[in-house]
Structure formats: C-alpha cells, structure tokens
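Accompanying notes for the structure given below.
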There are 2 protein chains.
Amino acid sequence: MSKAVVQEMREGEVSVPLPKRTDARLVFIGRIRTPYATRKDCPRQAGEKSAPCRIEIDPQWQAALTGLEAGMTVQVLYWLHESRRDLVLQSRRSDGRVSGTFALRSPIRPNPIASSLVEVLDVEGSTLIVRGLDCIDGTPLLDVKPDRCPGR
Amino acid sequence: MSKAVVQEMREGEVSVPLPKRTDARLVFIGRIRTPYATRKDCPRQAGEKSAPCRIEIDPQWQAALTGLEAGMTVQVLYWLHESRRDLVLQSRRSDGRVSGTFALRSPIRPNPIASSLVEVLDVEGSTLIVRGLDCIDGTPLLDVKPDRCPGR
C-alpha cells in the first residue's frame, strides 16, 4: 500500500475523509526512472526539452510491448505514491487562488493517477526510453497505451 | 473488488498470471451513466456526435468540482470493471492481427483504467453532463481533471 505523506494545509484548503474501503486493486507493472530525486527537483511542466527517462517494465509483461516502436507517442499512467488523497479544495502556491481538485491537475486527488503523453525514443528489452516525464525517480507504473486515435 | 469476466481467447492471444498482491487501492468516486447497457451497445469510438452522458460524482466530493464549467474539456479516468487483466498479446476481432497490450487501447490490460477527453455540457450539483463517453452504464469513476495545458 502506498502511504500518503502528511503535508501542511494552506489557507482555504478543505479535506474530506477518504473512504477506507478498497473498490479495486492496482498492481504496479514497473517503475519510472528519472533524474528527479524529490518533488522539488521535478520540472513543473515537462516539455520536449526535458531529460530522457526510462520506463522499466517488469519482464513478465515484455510481450505486451509488441508493436511499440521509437517515434510513437504513448500515454503513460502512473501512481503518485507520495500524494495525499483527501483534499477537495486546494490553494495554488503561486497566487493563493483556491480551486476544486477536479479543476486542477495537481497530484493531490482521491485516486492519484497521473497521465502523460510522451515520445518513445527507444525500446530496449522491456524498457522504454522516453522524453516528457516530470515525476520523481522510482514512481510506480500503471499502464502504457498508444495515444488516442487521430481526431479524438 | 471488481471481478474479471471470463472470456474465450482468440488464436495468437497470450495471458500471464496477474500478481495477487495489491500495490495500491482505488476508491470509486462516482458512476458514469450512459445509454449503453452492455459492451456490445457501446460505440467503438465515441466522437462529438455521441449521446450526452452523466458523470454522477458522490456528494462528499462536490466541493472538488469548484471551477469546472460548461464548455471546458476534461479528462475522465474510469475503471473498466468488466475487463479481464491478464492478456499480454491480443488479437483484433476485425482482422485477427496480434499486438501487444501496451500497443493497443483495448480495455483488456493489467490495470484496466480508461482515459477519455470529453466536453462539459453542464454542471448540476455534483453531476457533470458531458459528451464523448463510450463506456457501459454504471462504470465506476476514478477521476476528473482539466485537459492538459495547451502545448503539452
């Protein structure tokens, strides 16, 4: 189980108790290796100029990479294991403006799943080399899928 | 816990055992109401012409909708509770071509999380009226967030 990191709340922020039940279970299928050791090291918006990162997929899933090639854009889903999950209103550090969690792409959310579109630079065995991720080193991987069909 | 529906495998498909461990737990935050009662009723690619659907978010999360408005595009994450999770190679029904799970947007994947971009038509209390979803009625909701910033 991931353990939420306790963080101070800012003015205007509101939390609600997260239900204790487990409605579905996730299995981590690998880890994301990045140059960013802590959240403070992570770039705010990873763009094309960001550092290459490694998506190390557990070997049992290697066959599932069949058909993925360099040059493709893939959607990566990963678990923000250090995020608290109980805030419904959040205050932006930059200007103190308060917004609802579902109106933000903040890592703090009831199910802290991040989604990023990245370019595949290379495939090495069950590892993808990609550009465009901004998460901390060791982030658990949930899924990789091709970008949605053109026109969607 | 969601229960995988047992389905026949097609020629060329390969499964691996899903790990029994729970690495992280999900909590369902609402349900998606659509006109589609079964998977066969769902449109293959939901476009802008598809039917309006209701995202019914549990009332405890209502404050988290602050700032979401009609006209916005949001990313919706939901749990494909009827999907099996153990296939690494899948055969397309249309032409029998075999591809890896991570090279497909098939609902069958180790963590069956779907991601769709939809237009918000209206907000009614803790319910969002949207256009563009293609899932079955009653699909569990995981998250709603604004579309990524322009340029990403």
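Values quoted throughout were computed directly from the atomic coordinates according to the rules given, and no laboratory measurement underlies them. Being a predicted model, the structure only gives us computed values, none of them experimental. Positions of Cβ are backbone-derived with ideal geometry, glycine not excepted, and every protein chain shown enters the neighbour counts.
Would you mind working out the magnitude of the charge dipole of the protein assembly as shown relative to its Cα centre, with +1 at each Lys and Arg C-beta and -1 at each Asp and Glu C-beta, to the nearest 20 Debye?
That gives a dipole near 320 debye.
Only Lys, Arg, Asp and Glu count, each charged at its Cβ (+1, +1, -1, -1), so figure out the dipole size of region B:1-131 about its Cα centre, rounded to 20 debye.
520 debye
Would you mind checking region A:108-151 for residues with the amide N under 14 Å from a putative spin-label position 7 Å along Cα→C-beta of residue A:18?
A:108-114
Among A:35, A:19, A:107, which one shows the biggest mean-square fluctuation in a GNM of chain A, springs joining Cα atoms closer than 10 Å?
Ranking A:35, A:19, A:107 by mean-square fluctuation puts A:19 first.
Where does chain A land on Rg/Rh, using Cα atoms and the Kirkwood Rh?
Dividing the radius of gyration by the Kirkwood radius yields 0.99.
Return the FRET efficiency for the residue pair residue A:37, residue A:131: r is the Cβ-Cβ distance, R0 is 22 Å, and the value is rounded to the nearest 0.05.
Once rounded, the FRET efficiency stands at 0.70.
Partner chain Cβ atoms within 10 Å, averaged over the residues of A:28-35 - can you pull that number for me?
2
Pairs of lysine in the protein assembly as shown with Cα under 26 Å and at least 8 positions apart or on different chains: total?
Pairs that pass both the separation and distance tests number 21.
Kirkwood Rh and Cα-based Rg: tell me the resulting Rg over Rh for the protein assembly as shown, rounded to two decimals. Could you put the intermediate results ahead of the total?
Numbers: Rg = 18.7 Å, Rh = 19.9 Å.
Expressed as Rg/Rh, it is 0.94.
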